[in-house]
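Accompanying notes for the structure given below.
The values are calculated or read from the model by the stated rules, or taken from the named source; none is laboratory data. Treat the numbers as computed from the prediction; the structure is a model and nothing was measured. Glycine also receives a Cβ, built like all others from the backbone with ideal geometry; neighbour counts cover every protein chain displayed. Areas reflect the complete protein model, heavy atoms only, side chains present, ligands, DNA and RNA absent. Shrake-Rupley method; radii C 1.70, N 1.55, O 1.52, S 1.80 Å.
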Amino acid sequence: MTKSSPEQDTSFWTGIGFRRLVAGITALAVFGVLLYFNSRPVNRQSASMVTPQQTATSQPTRVPMWDFEVKDLDGETMKLSDLRGQVVLVNFWASWCPPCRDEMPLLQDFYLEHREDGFVLLGINVSEDADDAAAFMEVNGYQFPVWRDPPGNLLIEQGLNGLPASVLVDAEGRIARRWIGPLAEEDLTNTVLPLLLE
């Protein structure tokens, strides 16, 4: 049997293995918290929760302005209010989430088609290492901005207990819609486009 050298023993803790271990532990912690909140009774009407099957006629009164501060993939501090004046679809995702991956091409196409109309698709990566999230974006050619919320605090704040999840914010910074689950084309057409015409 060949004994590993001290250098080999420590390489795990200084390389990609350690980053993935930390990301895995963080993911377990986030889902533990989400599972806890998911087990509690939720008044969906008071939370203004809207499923993809609901239509624009069920739109609730828009709640007061929403703002938060997190970091982007480069570690720069970003605020949602920096995007005020544009319609923003805040999409919570992770690369290990199959429904998140499934909806991304649709979201990317809609973003490219309407970004000149004042629309921003803002991805919020949850529970992943910044390098892994950036690599996923690059490999797939996605061009929308991505910020990070590793602990999932924003999901919890909005009462969203799963991935993917989305929050639609109007040009004045007010929440217009919330969804849990992947979005469909009709959600974007029936809900986002009218806000771009306001």
Would you mind counting up the charge near VAL87? Only other residues with Cβ under 9 Å from its Cβ, with Lys and Arg at +1 and Asp and Glu at -1. -3
Order the following by accessible area, largest value first: MET78, MET65. Probe radius 1.4 Å; ligands, DNA and RNA are ignored. MET65, MET78
Please report how far the C-alpha centroid of segment 144-198 lies from that of segment 79-114, rounded to the nearest whole angstrom. 8
Expected field for ASP117, accessible surface area in Å² at 1.4 Å probe radius, rounded to 10, holds 90
Can you tally the net charge around GLN158? Count Lys and Arg as +1, Asp and Glu as -1, for every other residue whose Cβ sits under 12 Å from the Cβ of GLN158. 0
ASP117 paired with ASP74, simple spin-label distance in nm, labels 7 Å along Cα-to-beta-carbon: 2.9
